[in-house]
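Student: Handing you a structure now.
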Amino acid sequence: MKLVNDSIRIIRIILIGKESENELDRIGQNMERIGEHFPHVAYDNVYNDQGPAFWVSGFWPGLLWLRYQGTKDEKALELARRLEDVMDSVLDGFMTLHHDVGFMWLPSAVIDYKLTGNEASKIRGLKAASHLAGRFNLAGQFIRAWTDRVQVGTQGWAIIDCMMNIPLLFWASKETNDPRFYHIAKAHADTVLRCFLRPDNTSAHIVSFDPYTGEKIENLGGQGKDPDSAWSRGQAWAIYGMAVAYRETGKEEYLTASKNVAAYFLSHLPEDKVPYWDFRTDEADKWVKDSSAAACAASGLLELHSLVKEEAEKQFYLDQALAILKGIYDNYFIASDDSQAMISCGTVNYAKKKHVNVPIIYGDYFFTEALLKLKGLTSIF
């Protein structure tokens, strides 16, 4: 990504350059400490091991590929490849697969193939894309979330998170010269425009459809406060995912949607630039933050910066992304080299009081991804 002008490059070096190097160093230290495990959340700055079947399993390999892109560290490549091998049991086992195969194999197998041409990784990515395409509900024009193994009665559920999975379909369509993947991704994005996004420029987390007729039934609260709330990470998924959908299709409505949700997100940030877990949370719960939402939104804003045409608009999205990244660094970056985690105060699911104000691996990932975008490296998603 080319920055707007020399002054922006200077800002990048002053505010971001050193931190980006620290991020890559932390990944290098974690290669021994985390190794062939699949972290999710950290307590006392030590990551757990969630296993290869959980939806976050791609983010530690993704961090290794970010390190490889930034340093050409062959050991990072080798470890990322070993993690890919471990994930084969999940891909080939099939029964535990769900909608989040994009989160799992875009930052692992697909980026491996893009960077190295590794044929085995290409096949993994195409298998995952075929599974995701197979989850498409023709009547409702949406990609089904989860499975009955996770929660019974979810055959008609779709979630905003899946906007970050459909880039896998766009990639598969180009890689195979087969438009069916493209059509499914675009149809799902159109359903999000029609059924998820609200007049106030926020997105629902879960939408329930009749799986047989395709008719929308209702919004569900999911990880947000309630069905009408504005779960902050969901808004970040919408910003980034809609920007990517525009990048891949050129459909202006996707760009407009991304910009509209971004406008809501930015106008409701607190002073430290890191949102509450839900923008409509009760006053008493404003101590609950989500730095992972901030990191994902910052990377999505940089995607918008690369896509808009007018210089003033490009400058705006770049400035806003920098402000969020600086807010994360000034307030939530964990400076100690003894910590496996990079940024604190992420929240997985406050609605269920699950992993509140703790480091989360995808927060670390999107923070690092955004910093490396500022150095000119392209997006994994």
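Student: What net charge do the residues around GLU218 carry, taking every other residue with its C-beta under 14 Å from that of GLU218, with Lys and Arg at +1 and Asp and Glu at -1? Walk me through the numbers on the way to the answer.
Tutor: On the way: positive: ARG198, LYS216; negative: ASP210, GLU215, ASP226, ASP228.
Spelling it out: positives minus negatives among the neighbours equals -2.
Student: Can I ask one more? Scaled to the compact-protein estimate 2.2 N^0.38 Å, what is the alpha-carbon radius of gyration of region 308-381, rounded to two decimal places?
Tutor: Numbers: Rg = 14.6 Å, N = 74, 2.2 N^0.38 = 11.3 Å.
Scaled against compact globular proteins, the figure is 1.30.
Student: Along region 238-244, what does the Karplus equation 6.51 cos²θ - 1.76 cosθ + 1.60 (θ = phi - 60°) give for ³J(HN,Hα), rounded to whole Hz, x for Gly and Pro?
Tutor: Along region 238-244, the couplings run 5, 4, 5, x, 5, 4, 5 Hz.
Student: Right, here's the next one. Give a quick list of trypsin sites (Lys or Arg not before Pro) in region 19-86 that DSSP marks as loop, anything other than H, G, I, E or B, with at most 11 other Cβ atoms within 10 Å. Before the final figure, lay out the partial values.
Tutor: On the way: sites: ARG26, ARG33, ARG67, LYS72, LYS75, ARG81, ARG82; in loops: LYS72.
Answer by residue number: LYS72.
Student: Given Cβ point charges of +1 (Lys, Arg) and -1 (Asp, Glu) and nothing else, what value in debye, to the nearest 20, does the dipole of region 236-284 about its Cα centre take? It would help to have the intermediate numbers written out before the result.
Tutor: Working: 5 positive and 8 negative charges, 55 e Å.
Approximately 260 debye in magnitude.
Student: Now for a different question. Of LEU106, TYR317, GLN155, which is farthest on the positive side of the dipole of region 6-374, counting Cα position, with +1 on Lys and Arg Cβ, -1 on Asp and Glu Cβ, and the Cα centre as origin?
Tutor: Positive-end residue among those listed: GLN155.
Student: In region 246-354, which chymotrypsin sites (Phe, Trp or Tyr not before Pro) fall in coil by DSSP and have 13 or fewer other Cβ atoms within 10 Å?
Tutor: On the way: sites: TYR246, TYR254, TYR264, PHE265, TYR276, TRP277, PHE279, TRP287, PHE316, TYR317, TYR329, TYR332, PHE333, TYR350; in loops: TRP277, PHE279, TRP287.
Within region 246-354, the qualifying chymotrypsin sites (Phe, Trp or Tyr not before Pro) (loop, at most 13 other Cβ atoms within 10 Å) are TRP287.
Student: List every residue whose amide H lies under 5 Å from the amide H of ILE143, counting only residues 5 or more places away in sequence or on a different chain, with H placed 1.01 Å from N in the peptide plane.
Tutor: Here the answer is ASN137, since their amide H atoms fall under 5 Å of that of ILE143.
Student: For region 209-338, what is the charge dipole size about the Cα centre, in debye to the nearest 20, if Lys and Arg each add +1 at the Cβ and Asp and Glu each add -1 at the Cβ? Present the calculation step by step, with values, prior to reporting the outcome.
Tutor: Details: 13 positive and 23 negative charges, 56 e Å.
Approximately 260 debye in magnitude.
Student: If you add up the charges near TRP157, with Lys and Arg at +1 and Asp and Glu at -1, over every other residue whose beta carbon is less than 15 angstrom from its beta carbon, what do you get?
Tutor: Working: positive: ARG135, ARG144, ARG149, LYS216; negative: ASP100, ASP148, ASP161, ASP210, GLU215, GLU218.
Surrounding charge for TRP157 is -2.
Student: Evaluate Rg over Rh across region 27-116, taking Cα atoms for both radii and Kirkwood's formula for Rh. Please report the intermediate quantities before stating the final value.
Tutor: Details: Rg = 12.5 Å, Rh = 13.1 Å.
In region 27-116, Rg relative to Rh is 0.95.
Student: Under 15 Å from a point 7 Å along the Cα-to-Cβ line of GLU215: which residues of region 142-166 have their amide N that close?
Tutor: Under 15 Å, as judged by backbone N against the label point of GLU215, lies no residue of region 142-166.
Student: Could you work out the helix-only [θ] at 222 nm for the chain, with each DSSP H run of four or more residues adding -39,500 (n - 2.57) and the total divided by the number of residues, to the nearest 500 deg cm²/dmol? Walk me through the intermediate numbers first.
Tutor: Working: 14 runs with 197 residues, N = 381.
Helix contribution divided over all residues of the chain: -16500 deg cm²/dmol.
Student: Toward the positive end of the charge dipole of region 6-374, about the Cα centre and with charges on Cβ (Lys, Arg +1; Asp, Glu -1), which of VAL86, ILE328, ALA204 goes farthest?
Tutor: Toward the positive end, the furthest listed residue is ALA204.
Student: Follow-up question, since we're still on this one. Answer with one residue from SER57, PRO359, ALA128: the one whose Cα lies farthest towards the positive end of the charge dipole of the chain, charges on Cβ with Lys, Arg +1 and Asp, Glu -1.
Tutor: Result: ALA128, furthest along the dipole toward the positive end.
Student: Apply the Kirkwood formula to region 6-374: the hydrodynamic radius equals the inverse of the mean of 1/r over all pairs of different alpha-carbon atoms; give it in Å with one decimal.
Tutor: This gives a value of 20.5 Å.
Student: Just how large is the dipole of the chain about the Cα centre, in debye to the nearest 20, putting +1 at every Lys and Arg Cβ and -1 at every Asp and Glu Cβ? Don't skip to the answer; put the middle values down first.
Tutor: Numbers: 41 positive and 50 negative charges, 129 e Å.
Dipole size: approximately 620 debye.
Student: Quick one: which residues, 5 or more positions from ASP278 or on another chain, have an amide H under 5 Å from its amide H? H modelled 1.01 Å from N in the peptide plane, none for Pro or chain starts.
Tutor: Result for ASP278 returns SER232.
Every number here is computed from the coordinates shown, using simple stated rules; none is lab data. The structure presented is a predicted model; accordingly, all values stated were derived computationally and were not measured. Every residue, glycine among them, receives a Cβ derived from its backbone with ideal geometry; neighbour counts consider all protein chains shown.
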